1. For the range 304-333, enumerate the residues that are without any contact (Cβ under 8 Å) to a residue 12 or more places away in the chain and of a type outside the set (D, E).
2. Within the bounds of the range 62-80, is there any residue that is polar (S, T, N, Q), part of a helix (DSSP H, G or I) and surrounded by 22 or more Cβ atoms within 10 Å (Cβ to Cβ)?
3. Between P360, P396, P325, which is assigned by TED's automatic domain parsing to the domain that holds D279, outside any strand (DSSP E or B) and either polar (S, T, N, Q) or surrounded by 16 or more Cβ atoms within 10 Å (Cβ to Cβ) (or both)?
4. Among the residues of the range 458-493, which ones are more than 19 Å from K527 (Cβ to Cβ) and either of a type in the set (S, T, Y) or outside the structural domain of G514 (by TED's automatic domain parsing) (or both)?
5. Those residues that are surrounded by fewer than 24 Cβ atoms within 10 Å (Cβ to Cβ), assigned to a helix (DSSP H, G or I) and among the β-branched types (V, I, T), I need them from the range 89-122; list them, please.
6. Of everything in the range 123-133 that's in contact with a Leu (Cβ under 9 Å, 6 or more places away or on another chain) and of a type in the set (A, V, I, L, M), which residue is surrounded by the most Cβ atoms within 10 Å (Cβ to Cβ)?
7. Only residues in the range 632-648 that are more than 21 Å from D607 (Cβ to Cβ) count as the first member; pair them with residues that are modelled with pLDDT of 95 or more and acidic (D, E), Cβ under 7 angstrom, at least 6 apart or cross-chain, and list the lot.
8. Identify the residue in the range 625-644 that is part of a strand (DSSP E or B) and within 25 Å of the chain's Cα centre (by Cα) and, among all such residues, is farthest from V536 (Cα to Cα).
Amino acid sequence: MKWLFTATMLTTSSIFMQPLAQTAKTKTDQQKMQWWRDARFGLFIHWGLYSVPAGEWNGNTSYGEWIRSTAQIPLATYDKFLSQFNPTQFNADDWVRMAKDAGMKYLVITTKHHDGFALWPTATTDFNVMNTPFKKDPLKELADACNKYGLQLCFYYSIMDWHHPDYLPRRDWESDRSTEGADFSRYITYMKEQLKELLTNYGKIGVLWFDGEWEDTWTHELGKDLYNYVKNLQPDIIINNRVDKGRAGMAGLTRTGDFAGDFGTPEQEIPATGFPGVDWESCMTMNSNWSYNSHDQNWKSSEDLIHKLIETASKGGNYLLNVGPTAAGVFPQPSIERLRDIGSWMSVNSASIYKTQASPFKDLNYGYCTQQAIPGGTRLYFHVINWPADGKLSLPPMGNSIVKAYTLAEKTNLKTSRLNATNIIQLQGIQQQPYATVITAEIKGRPIAYTEPLIEAPASIFIDQLPVVFKTNIPGAIVYYTTNGKDPANTSAQARSMTLRKSATIKAACFLNGKQISNVASASFEKVTPIPAQEVNPPSGGLQFASFEGKWDRLPDFSALSPAAMGTLANFDISMKRGKEEYAFVFDGWIRIPLDGVYTFYLSSDDGSRMYINDTLTVDNDGMHGEIEKSKDIPLAKGYHKIKVQYFERSGTDNLEVSWKGPGIPKMRIPDVVLYREN
C-alpha cells in the first residue's frame with residue numbers, strides 16, 4: 001500500500017506553533033452561518049467499503065460502519081473489500097434529487113470514515129476508490145449533481161484512521177500491527193494533504209463534519225490548529241465541534257472552554273430544550289445503523305421522522321437524517337419511501353421549517369412551534385399533532401394579540417378570540433393534514449411569552465434555611481407566591497426573593513395589572529438533618545481501585561468478578577484505560593466533608609456509572625449511553641463519609657468525571673485533598 005510522506009513533514013512543535021483558531025463569533029462569522037441556520041434539514045450519507053459486507057461477518061448480522069473494529073477484521077482481510085466495491089448502480093443525480101424532493105438543503109457524505117478508505121482519487125494513498133473496480137470519483141459526480149439541483153455539498157471526514165500506519169493508537173486486538181516507527185505527526189501531515197485535496201478540488205464545501213476525535217492522541221491544541229488550517233483553505237466553511245475535544249459525548253454540545261467548532265453535534269437524540277445563541281445539529285439514523293445493514297429492519301416510521309424534524313426546528317436546531325446506501329450504490333427501498341413521505345409533507349409545510357427560529361414557548365401539549373420574523377412582527381407556526389377535541393387551539397399565554405391566523409396548507413383564514421392572556425384559534429371544519437397540521441398565527445412585534453416564573457434555590461433540601469429567588473422576563477410583571485401549596489392570587493405575598501426555614505411547597509405566578517397572566521410554577525423544598533459522619537482509622541490520601549475487563553450493557557455485579565488490576569489512585573481516574581473498550585472500574589474510599597451542609601454530587605460518564613455515599617446509592621447514571629451528567633443533593637455532617645464510584649465502558653468514547661458543590665464550594669471536580677483510603 002502506497003502512502004504519501006511529504007518532504008515538508010510537520011513536527012509536533014511546528015503544529016503547535018501555528019496560529020490558533022479564533023472560536024469567538026464575529027459578525028462575519030454569524031453571516032457565514034446563516035445559510036446553514038436557514039436550511040434546518042440535511043442528508044447524511046454513510047457509504048464506503050463497510051457497505052460491502054452489509055452488516056454481516058462470520059454469522060453475526062449486527063455490524064455497521066465500525067465492522068472492521070467491532071468484528072476485529074485483520075487489515076489484510078479488510079483490504080480485500082477493495083476488489084468487491086463496484087457500485088455500478090450509483091447515480092449521483094438520483095441521490096441528490098431524492099434529497100431535494102425530501103426538502104433537504106444540504107448533503108454530507110463520508111469522504112473517509114474510521115476505516116481509512118478514501119472515497120475519492122487521492123494522491124496520498126492507494127487505499128482509495130480508484131483502486132476498486134468502480135474507478136470513478138463519486139464526490140465529483142455528487143458535486144456536479146448538487147450544483148445542478150441547488151443543494152450545498154458538505155464533507156464528513158474522520159480524524160481517526162484504522163488503516164494508516166502512523167495513526168495511533170492501534171485497536172487493542174491488533175496484535176499483528178506493530179507501532180514501531182509510527183509517527184503521529186506524520187499522520188497529521190497526511191490528513192492535511194487529504195483535506196487540502198477535498199477543499200480545493202470540489203468547489204465550495206459548506207460544512208466539514210469531523211468525527212473520531214475522542215482518542216487521547218488527538219488533543220485540544222491539534223483540534224484548534226486543524227480548525228485554523230481548514231478555515232485558511234476555505235474561509236467561509238462551517239466546521240463542527242468534533243474537530244476539537246469539547247464535545248460532551250453523544251449529547252454533542254460543546255463544553256465550556258476555549259474549544260474550536262461552529263456547532264454542536266447531538267447524535268441519535270434531540271436535546272430536551274433549545275439553547276439560545278448556540279448552533280447545533282442532531283444527526284440521526286432511519287433504522288439502527290449508519291451504514292447499510294441488510295438485516296436491519298428496525299425502521300423509524302415516516303411520522304416519527306417528520307415529528308423529529310419538527311421538534312428539532314422548534315428547539316432551534318438542524319436535523320441531519322442519514323441514509324446508508326448499498327454496495328451497489330442505491331438507497332434502500334425503505335429509505336426511499338421515507339424520503340418520499342417527508343418530501344410530501346415538506347412540499348406543503350416547508351415554510352414552517354426553513355428560516356425559522358426556536359419556539360418562544362415551553363412544551364405545547366398539542367405539538368410544536370417555530371417562529372419567523374416578518375416586517376413589523378412575527379409569524380408563529382403551530383405544528384398540531386394532537387388535535388384538540390373541542391376544535392379550539394389555545395395558545396400559551398402571551399402579551400400579543402393575533403393579527404391574522406390561517407392554515408399553512410390551504411391558506412384558509414381562521415377565527416380568533418382572546419380570553420385574558422390566552423389567544424384561541426377556531427379549528428372547526430379544518431381538514432387535518434397527514435403527520436402534522438400547521439396553523440399559522442401572525443402577531444405584531446416579537447412574541448412576549450407569559451411564561452411562569454422561575455423558582456430558583458441552591459438545592460431542593462436544606463438544613464437551617466434556604467434562599468429562594470423568583471425570576472421573570474415579562475416586562476412589568478409582579479410575582480405572587482404561596483408556601484402552603486395553594487395557587488397564588490393577587491392578594492398573596494409578592495417578592496423577588498424570600499427565605500425558607502421549614503419544609504414547603506412554593507407556588508408562584510406572574511401578574512400584570514392585578515391579573516394573573518402566567519401558568520403557576522411549583523417547587524417543593526424539604527428541611528433535613530445532615531447524615532452523621534463515620535469513624536475511620538487514620539486514613540491515607542487517595543482511593544483504592546480495581547479494574548475489570550468484560551463486555552456489559554450495564555454495570556455488572558463486581559463481587560462475582562476477578563479484577564484485572566488493583567491499586568491506589570489519587571482520584572477517580574480512568575486514564576490508564578482511556579481510549580480502550582470493554583472495561584470497568586470500581587473506586588472505594590472516603591471523602592472528607594469540611595462543613596455541615598447540603599452537597600450536590602455530579603456524575604458525568606460515557607458509558608454507565610453509579611455513586612454510593614455511605615453505602616447508599618446516591619447517583620445512578622448506569623446503562624450504555626453517551627456523555628450524560630446526573631446529580632443529587634445530599635445533607636452531610638462535617639467529617640468522613642464513605643464514597644464508592646463504579647464505571648464501565650462498552651465501546652466508542654469513554655469518560656468519567658466526578659464533581660461536587662457545597663457550602664462555599666462552587667461546582668468543581670472533587671479535589672485529591674478530600675479523598676482518602678483506610679490504611
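The values are calculated or read from the model by the stated rules, or taken from the named source; none is laboratory data. Because the structure is predicted, anything quoted here is derived from the model rather than measured. Virtual Cβ from ideal backbone geometry, glycine too; neighbours counted across all protein chains shown.
1. Restricting attention to the range 304-333, the residues satisfying the condition of being without any contact (Cβ under 8 Å) to a residue 12 or more places away in the chain are 304, 333.
Once the filter is applied, which keeps residues that are without any contact (Cβ under 8 Å) to a residue 12 or more places away in the chain and of a type outside the set (D, E), the range 304-333 yields only Q333.
2. At the first step, the residues of the range 62-80 found to be polar (S, T, N, Q) are 62, 69-70, 72, 77.
From the residues that got through so far, the ones that are part of a helix (DSSP H, G or I) too are 69-70, 77.
Still in the running and surrounded by 22 or more Cβ atoms within 10 Å (Cβ to Cβ): none.
So far as the range 62-80 goes, no, none of its residues is polar (S, T, N, Q), part of a helix (DSSP H, G or I) and surrounded by 22 or more Cβ atoms within 10 Å (Cβ to Cβ).
3. Details: P360 fails: assigned by TED's automatic domain parsing to the domain that holds D279; P396 fails: assigned by TED's automatic domain parsing to the domain that holds D279.
Of the residues listed, the single one that is assigned by TED's automatic domain parsing to the domain that holds D279, outside any strand (DSSP E or B) and either polar (S, T, N, Q) or surrounded by 16 or more Cβ atoms within 10 Å (Cβ to Cβ) (or both) is P325.
4. Matches in the range 458-493: T472, Y480, T491, S492.
5. Those that are surrounded by fewer than 24 Cβ atoms within 10 Å (Cβ to Cβ), assigned to a helix (DSSP H, G or I) and among the β-branched types (V, I, T): none in the range 89-122.
6. Taking the candidates together, the pick is V129.
7. A637/D596; K638/D596; K642/D615
8. Within the range 625-644, the first condition is being part of a strand (DSSP E or B), and the residues that meet it are 628-636, 639-644.
Next cut, within 25 Å of the chain's Cα centre (by Cα) only: 628-632.
On the way: I628: 33, E629: 30, K630: 29, S631: 26, K632: 25 Å.
The qualifying residue farthest from V536 (Cα to Cα) is I628.
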